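Report on the following structure.
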Amino acid sequence: MSTEFKPIEVAPARRSWPYAVVGALLVIALVWSLRRNAVLSEQHAAPAAPVAAQTSANVPSAEPKIAALVPEAAKPLASPNVIGGAVQTAKTLAMVAKSELDRALAGKEGAQKQAAAYKRQIGDLEKQLADARMQIAQMQRAKEPPPPTDQEKILQMLAPVLKTSSNP
């Protein structure tokens with residue numbers, strides 16, 4: 001018997017730098033996109049201001065109605081703090097995701113309780129089935145004739161011999 005140990009093969013370690021590069025690219029794309037949206041919204045808001053001033057005298061403002069319908073995350077950023085707005089949007093989305101997670105966990109807990117109730121019900125039904133099988137077995141044993149006595153066993157063994165001996 002050898003006391004040498006075989007070496008354990010280990011999977012090569014994954015390199016982490018590709019994930020860091022991809023993450024950095026995603027952050028850069030997010031910041032660029034938010035900054036671009038802020039610049040575009042400022043450009044679109046500037047020409048519309050004189051027209052809005054002319055029409056505001058004639059038409060009642062619908063902005064309060066629209067503002068109530070548009071969620072916080074979809075409203076254009078009022079300040080030049082693009083990163084702060086992105087952080088606030090991320091927080092809002094995280095809160096929504098947390099509520100979804102809480103709802104899913106509550107559903108999971110409910111399903112676990114229901115599964116435990118089903119297991120108890122199955123245990124009770126199995127116990128009832130075992131009792132019913134036992135009762136059936138007792139009824140079948142009661143219907144069987146009593147076992148033969150020793151004399152009957154001897155006669156049953158000798159019956160073929162006696163029949164052949166009385167025939168000659």
Taking the conditions exactly as written (over 39 Å from the mean Cα position of the chain (by Cα), part of a helix (DSSP H, G or I) and either at positive phi or surrounded by 10 or more Cβ atoms within 10 Å (Cβ to Cβ) (or both)), does Leu93 satisfy them or not? no
Quick check: is even one residue across segment 36-55 at pLDDT below 85, out of contact with any Cys (no Cβ under 9 Å at 6 or more places or on another chain) and not in a helix (DSSP H, G or I)? no
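The rows are residues; the columns are (1) touching a helix residue (DSSP H, G or I) at 6+ places or on another chain (Cβ under 6 Å); (2) modelled with pLDDT of 90 or more; (3) not hydrophobic (A, V, I, L, M, F, W, C).
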site	(1), (2), (3)
Ser79	no, no, yes
Ile83	no, no, no
Gln88	no, no, yes
Asp102	no, no, yes
Lys119	no, yes, yes
Ala132	no, yes, no
Arg141	no, no, yes
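The values are calculated or read from the model by the stated rules, or taken from the named source; none is laboratory data. Worth saying up front: this structure is predicted, and the values here are computed from it rather than measured. In this analysis, Cβ positions are derived from the backbone assuming ideal geometry, glycine residues included, and neighbour counts consider all displayed protein chains.
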